[in-house]
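Here's the structure, in structure tokens; my notes come after.
The values are calculated or read from the model by the stated rules, or taken from the named source; none is laboratory data. On a predicted model such as this, the values are computed, not experimentally measured, just so you know. In this analysis, Cβ positions are derived from the backbone assuming ideal geometry, glycine residues included, and neighbour counts consider all displayed protein chains. Just the protein is used for accessible areas: all its heavy atoms, side chains included, with ligands, DNA and RNA removed. Shrake-Rupley method; radii C 1.70, N 1.55, O 1.52, S 1.80 Å.
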Amino acid sequence: MANDKNEDQKEEEETKTLQEKYDELLEELDSKNKELAKINEDLEKQKEETQEYISLSQRLQADFENFKKINEKKSKDIIKFANEPLIKNILDSYEDLERALENSKTEKELRDGVELIYSKIKDVLTKEGLEEIPAKGEKFDPFKHEALMVANDENVENGYIIDELMKGYTLKGKVIKYSKVRVCKK
């Protein structure tokens, strides 16, 4: 009987130990489940944030593409209509020329009309930044002048321009047409 009591006591202690371990495991499992729930909650928040960032990125990409298209169209329009102000300014002279041709009865009237129109066009071009390149009597400059001929002239120094064969022009400081010249070469 004492043996049975010892065995019952051992079984009871083992059961108690197992129960304690079981309770500890349940507590640990509950703790791990809470951790897992928190991790899942954080993961869901991260997924939502990621979706927001992806959505934002897609909207920004679409906005950027639209911006590029609008800018390309504006650039094409700027190029397409860049001469509009100049053409508007020249139109008056063009119409004046038409009137002069239609209404002039004598050569003098035609000449006077053409001279007036020439003066108006020259004023318009000057206001737009067009300037004649000085040539005759100037030192030859290959960045402004194009030598078509060379000659020996005793009245002109070597390397200087004898004659201007065709005028040259700059537009706001940039050469747009070189002066065609004859240069003194000794």
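Before moving on, here are some points about what is shown:
- Over 23 Å apart at the Cα level, from the set LYS80/LYS172; LYS73/LYS120; LYS88/LYS120; LYS45/LYS68, are LYS73/LYS120; LYS45/LYS68.
- Counting protein heavy atoms only, the chain has 53 percent of its accessible area on carbon and sulfur, 1.4 angstrom probe.
- Structure-based [θ]222 nm, the chain - -39500 (n - 2.57) summed over DSSP H runs of at least 4, per residue, nearest 500: -24000 deg cm²/dmol
- Note on the chain: dipole from Cβ charges, positive end direction compared against HIS145, LEU18, ALA62; the farthest Cα belongs to HIS145.
- The stretch 170-186 - phi-based ³J(HN,Hα) in whole Hz, Karplus 6.51/-1.76/1.60, Gly and Pro as x: 10, 10, 6, x, 9, 5, 10, 8, 6, 6, 8, 9, 10, 10, 7, 10, 10
- Average accessible surface for the stretch 69-161: 83 Å² per residue, computed with a 1.4 Å probe over protein heavy atoms with every protein chain in place.
- A protection proxy built from the mean count of other Cβ atoms within 10 Å ranks the segments 72-79, 172-179, most packed first, as 172-179, 72-79.
- Computed from the C-beta positions of GLU131 and GLU72 and an R0 of 22 Å, the FRET efficiency is 0.05 to the nearest 0.05.
- Global geometry of the chain, whether rounded, prolate or oblate, following the gyration tensor of its Cα atoms and the 1.5 cut on a/c: prolate
- Full extension of the chain between LEU171 and GLU7 gives 47.5 nm of extra length, using 0.36 nm per residue less the Cα-Cα distance.
- If R0 equals 25 Å, the separation of the Cβ atoms of ASN103 and LYS80 corresponds to a calculated FRET efficiency of about 0.10.
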